[in-house]
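Below: one structure, written as structure tokens.
The values are calculated or read from the model by the stated rules, or taken from the named source; none is laboratory data. No experiment lies behind these values; they were computed from the predicted model shown. With ligands, DNA and RNA removed, areas are computed over all heavy atoms of the protein, side chains included. Shrake-Rupley method; radii C 1.70, N 1.55, O 1.52, S 1.80 Å.
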Amino acid sequence: MDNKIELAKVPVGKPIKAFGKKFTVLEHSADGVLVLSDTIEKEMPFRKEDCEAPNDFRYSDIHSYLNGEYLDELAQNASGEEFNAILTMKMDLKCTLGQHEYGTWNVNVGLLTLEQYGKYFDIIPKADCSWWLATPYGTPLRSPNTGYTNYAGRVDSNGLYGSYCTYSYGVRPALVLDSSLLVSCDDISDNKATQLSDFSDEDLIAEIKRRLDNLAKEEL
């Protein structure tokens, strides 16, 4: 992947390389571009400590790893300008019942939720092992079976499951990146015209809004 292109021009479902790692573009929005790692970074428990709510992503071992060790690795592989392209990712931590006891959480690096996994299912590359989602099966105050607070979502080749948080499964990082970031893409370049049909209506609307926002900033 030697061709550099603005991330805004990469269609949904296409692979890119940034920070020395491979990702797939899942969505363009006014908040940035959501990408998912093509590979499993490591296998680990969601949270190995025994507590009331081990499936709360905010205090999980995975959260600490993604926004510590993994984020440091991205920083080492990037220039300052590239690293600044990592935007805040707002995660909806509602459980499988739709309850919001854990609320929302802003991170630099996160996991996909169950809802996002379903939304992008057709374009997510398959992984060679099971991997965690951020969605809790139940929460202490809202679950009819408080034992479900020990479970978080997991994906494998056979579908969706809930697994004990102390078990080890794959960590697959998700990030929101600035659409102006230059990334490597093997089948698209600035010299190759991208067809409008490559983008969804949502992608096109988000790109129009992004350009209008940029024009407004320039006029200030």
Handout entry: Area accessible to solvent at Arg58, 1.4 Å probe radius, in Å²
Key = 50 Å²
Fill in the blank from the handout: Taking the convex hull of the alpha-carbon atoms of the range 1-131 and averaging its shadow over every direction gives an area in square nanometres of 8.9 nm²
Practice task
Round to a whole angstrom and tell me the spacing of the C-alpha centers of the range 117-155 and the range 1-47.
Solution key: 21 Å
Practice task
Provide the per-residue ³J(HN,Hα) series for the range 165-181, in order, calculated from phi with Karplus coefficients 6.51, -1.76, 1.60 and θ = phi - 60°, each as a whole number of Hz, with x at glycine and proline positions.
Solution key: 5, 7, 6, 9, 9, x, 10, 10, x, 10, 9, 10, 10, 5, 5, 8, 4
Handout entry: Carbon + sulfur, % of accessible area of the range 1-66 - ligands and nucleic acids excluded, 1.4 Å
Key = 39 percent
Problem - ³J(HN,Hα), Karplus 6.51/-1.76/1.60, whole Hz, each residue of the range 100-110, x for Gly, Pro - result: 10, 4, 8, x, 10, 8, 9, 9, 7, 9, x
Completion exercise
To the nearest Å², the heavy-atom accessible area per residue of the range 9-85 with 1.4 Å probe amounts to 45 Å²
